[in-house]
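Below is one structure, written out as structure tokens; the observations come after it.
The values are calculated or read from the model by the stated rules, or taken from the named source; none is laboratory data. Predicted model, so just to flag it, every value in this text is computed and none were measured. Using ideal geometry, Cβ is built from the backbone for each residue, glycine included, and neighbour counts are taken over all protein chains shown. These area figures cover heavy atoms from the full protein model, side chains too; ligands, DNA and RNA do not enter into them. Shrake-Rupley method; radii C 1.70, N 1.55, O 1.52, S 1.80 Å.
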Amino acid sequence: YRNIPIWECCDAGRYTQLYIWDLWNWIIAQFDLPYLLPASGAFIGYTIVAYLVFDYCKMISASSRATISALILILAATNPIGYAVGIRSSCAYAICVLGIYLGEIHNAGKIKVFILMAAAILIHHSAALIFLVWLIIPFYKKKPLAMAIAIGCSVLMLSTIINIISPLLSSSGGISKLVLEMFGTINAYQEESEYNIVNSTSFKAMVELLCSVSYILAAIIRSYDVLPAFTS
């Protein structure tokens, strides 16, 4: 990226159709600072995290002590290696979360949310999954149980779904190629590689899985107002 003009930076690296990532790399390449890329990733990720905490605490009029406690808790739960090494995925997911937060909490226009989602996808294609989650939120609000079951089945059968649609998209271009690369990126995290085996069997992965299942169950219970019936 260093020795090319900015208008030639798209697809200049090892990845294709990741134009925001190409632009990001081109800007970083203009500086002779080897650690600037992971530092910029950490800056963007933690800036988004801090904004979400401070903005929401301000909105609910939380005390300064509660705000600082929430910030420390979320920072402790955030893996710093993700922002420093897995720059693309971590920052793309953070940008998606920011978009959903602005759309659902601050009622930002769908165009603003879509722009953030598109930027995230052009950093890491797997962010398209979060984009799909955002699209089905209205359906989830109407049929939470049915949508939860559908999402769960889709996750369990993800590899099968990828194997079925991949031949159908392999000969196409444009958006189809982007979708195919997105599924390929997702499927790479499910292959039996040494990294995936170690990561999936780690204590951290088990805790994250438990939290994810708990969040889904809590969302279903809350949607059906079951919790007040048990606590009344």
- Message: Anything in the range 70-111 that is among the hydrophobic types (A, V, I, L, M, F, W, C), free of Cβ contacts under 8 Å to residues at least 12 places away in the same chain and under 22 Å from ILE20 (Cα atoms)? List them, or say none.
- Response: ILE81, ILE111
- Message: Looking for something more than 19 Å from TYR15 (Cβ to Cβ) and either of a type outside the set (Gly, Ala, Ser) or modelled with pLDDT of 65 or more (or both) - is there at least one such residue anywhere in the range 168-183?
- Response: yes
- Message: With surrounded by 15 or more Cβ atoms within 10 Å (Cβ to Cβ) and closer than 24 Å to VAL133 by Cβ as the only criterion, which of CYS10, CYS91 stands out?
- Response: CYS91
- Of all residues in the range 1-57 being among the aromatic types (Phe, Trp, Tyr) and in a loop (DSSP other than H, G, I, E, B), which is nearest to the chain's Cα centre (by Cα)? TYR15
- Note on the structure: Across the range 22-50, the tally of residues that are at pLDDT 90 or above and open to solvent by 90 Å² or more (accessible area, probe 1.4 Å) stands at 2
